[in-house]
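Data block below; observations after.
Just so it is clear, none of the values below were taken in a lab; they were calculated from the coordinates. These numbers come from a predicted model, not from an experiment. Here the Cβ positions follow ideal geometry from the backbone for every residue, glycine too, while neighbour counts run over all protein chains shown.
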Amino acid sequence: MPDVRQVPTSVPIYQTATFASADAEELAAVLSGGVPGYAYSRIDNPTVDALGDAVADLHGAEAGIALATGMAAIHAALLSLLRAGDRLLIGRVGYGTTRTQARNAFGRMGVEIVEVDTSDVEAVEAALAAAPTRVLHVETIANPTCVLADLPALAEAAHRHGALLTVDNTFASPMVCRPLEHGADLVMESATKYLSGHSDVMAGAVVGSRERVAAVRSAQIDTGATLGPFAAFLVLRGIATVAVRMERQARTALALAAFLEGRRGVRGVTYPGLPSHPQADVAARILDSGGAMLAVDLAGGREAGRVFFDALRLPERTASLGSVHTMVVHPPTSSHRALGVEALAAAGITEGLLRVSVGLEDEADLVADFGQALEAALAAVPA
Ligand SMILES: Cc1ncc(COP(=O)(O)O)c(C=O)c1O
């Protein structure tokens, strides 16, 4: 092994599955957690631990753990809290795979799954009052509609009814919102998105109190959704620039939202940084900026959305988000193609809805590109 006396300025990639101990006594002590140390990378690994600690720091949390993906983070967090017979309240609007996971991984094991509009505190309050609930799970900024969860009000209501609040903060990132400051019990991030920022790695993280994160780690050790050390290194590298990326991306997102709002052919723009956001008061209380996600509803519906989407030149046509590249998705003709109008409406998705994740491109270039795509949509479906 190299004998390195100086401190490396990047976290080294501990690309190893195993760590050898000096003797049986040390191995037993490390495995039992009696002394600090490493034995096996599914249990923990220094590079992966450094990422968990970094995400905890960004959130002002006592502890954090990094996992294989955002879905692994949500799964391990919920698994640490839920038992058969428990009730889980989850957003009707939000990332579809989270609802699928709730139904497939937890519903089949005897957890009651109830969907509710988490942007409506009264509706959540009524659902909490209807039956004892273990967990209320929300998204700070909901995918794909960009409606908000009023975290302080929801945390207060959940705790009053004996429930815990878990928050998926992926659309916001810790640069825009730190839900633990608003009463959340556990916070998850898909680090695939803003934290890594370059769309080249999959990862997830959970932060919270030492005790709750230890329970999440137990769930992760059992289920094996382990992050590799190289992936952890890439996310750590992304974290070094997340503050400046988000600042610039949020500024461009605001300019793009302001450009599109009120334009012919645009029915509405939902962006948490616009005064017209239906929950602008919530945004002012819990967000540091509007972030870089916006939902644009085209007046011309499905066909206008399709033409607009295909006419864009700068953005990547892909279903992910949080990258240095602007990414656009038209859910009705791509990710949610299988859904009819009613099912789309139930998920808060109109036929002309485009979800935009604003990247680092030049603001004027991006605005011009969206302008020409809007003209193309208007030519195909006049408003
Ligand atoms: C809000 C939200 N949560 C969680 C995830 C899942 O993250 P991952 O793809 O890293 O598993 C996504 C992915 O798009 C998402 O948008």
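Scanning the range 1-18 for residues that are touching a residue at least 40 places away in the same chain (Cβ under 8 Å) and among the hydrophobic types (A, V, I, L, M, F, W, C) yields 11, 13. Of the residues making up the range 162-205, just one is among the β-branched types (Val, Ile, Thr), within 11 Å of the ligand (Cβ to nearest atom) and over 17 Å from residue 98 (Cβ atoms), namely 201. Against the test of being surrounded by fewer than 24 Cβ atoms within 10 Å (Cβ to Cβ) and hydroxyl-bearing (Ser, Thr, Tyr), the options 140, 133 yield a single qualifying residue, 133. Among residues of the range 190-200 being touching a Ser or Thr at 6+ places or on another chain (Cβ under 7 Å) and crowded, with 18+ Cβ neighbours inside 10 Å, the one that is nearest to residue 80 (Cα to Cα) is 190.
The condition of being in a helix (DSSP H, G or I), crowded, with 20+ Cβ neighbours inside 10 Å, among the hydrophobic types (A, V, I, L, M, F, W, C) and away from the ligand (no atom under 11 Å from the Cβ) holds for only one of 102, 66, 73, that being 102.
Among residues of the range 328-353 being outside any loop (DSSP other than H, G, I, E, B) and in contact (Cβ under 8 Å) with a residue 60 or more places away in the chain, the one that is nearest to the ligand (Cβ to nearest atom) is 329. Pairing residues of the range 367-382 that are under 17 Å from residue 269 (Cβ atoms) with residues that are surrounded by fewer than 16 Cβ atoms within 10 Å (Cβ to Cβ), at Cβ distances under 6 Å and at least 6 apart in sequence or on separate chains, gives 369/313. Which of the residues belonging to the range 148-162 are buried (at least 24 other Cβ atoms within 10 Å of the Cβ) and part of a loop (DSSP other than H, G, I, E, B)? Selection gives 149 alone. One residue alone among 287, 234, 254 is within 15 Å of the ligand (Cβ to nearest atom) and out of contact with any helix residue (DSSP H, G or I) (no Cβ under 9 Å at 6 or more places or on another chain), and that residue is 234. Only one of the numbered conditions (1) within 17 Å of residue 282 (Cα to Cα); (2) in contact with a Pro (Cβ under 9 Å, 6 or more places away or on another chain) is violated by residue 144, and that is (1).
Taken together, 132, 144 contain a single residue that is assigned to a loop (DSSP other than H, G, I, E, B), in contact with a Lys or Arg (Cβ under 9 Å, 6 or more places away or on another chain) and without any contact (Cβ under 8 Å) to a residue 60 or more places away in the chain, which is 132.
The single residue among 241, 170, 252, 223 that is crowded, with 24+ Cβ neighbours inside 10 Å and out of contact with any Phe, Trp or Tyr (no Cβ under 6 Å at 6 or more places or on another chain) turns out to be 170.
Among the residues of the range 255-271, just one is surrounded by fewer than 23 Cβ atoms within 10 Å (Cβ to Cβ), small (Gly, Ala, Ser) and in contact with a Gly (Cβ under 8 Å, 6 or more places away or on another chain), namely 265. Note on the range 206-216: among residues that are buried (at least 20 other Cβ atoms within 10 Å of the Cβ) and of a type outside the set (Gly, Ala, Ser), the one that is nearest to the ligand (Cβ to nearest atom) is 206. If you filter the range 137-156 down to residues that are more than 16 Å from the ligand (Cβ to nearest atom) and touching a strand residue (DSSP E or B) at 6+ places or on another chain (Cβ under 8 Å), you find that the one that is farthest from residue 94 (Cα to Cα) is 155. For the range 201-224, the set of residues classified as closer than 24 Å to residue 140 by Cα and either outside any helix (DSSP H, G or I) or without any contact (Cβ under 8 Å) to a residue 12 or more places away in the chain (or both) consists of 201, 202, 203, 204, 205, 206, 207, 208, 209, 211, listed by residue number.
Of everything in the range 43-63 that is part of a helix (DSSP H, G or I) and among the β-branched types (Val, Ile, Thr), the residue that is nearest to residue 220 (Cα to Cα) is 48. The residues in the range 8-42 that are crowded, with 16+ Cβ neighbours inside 10 Å and not in a helix (DSSP H, G or I) can be counted, and the count is 8.
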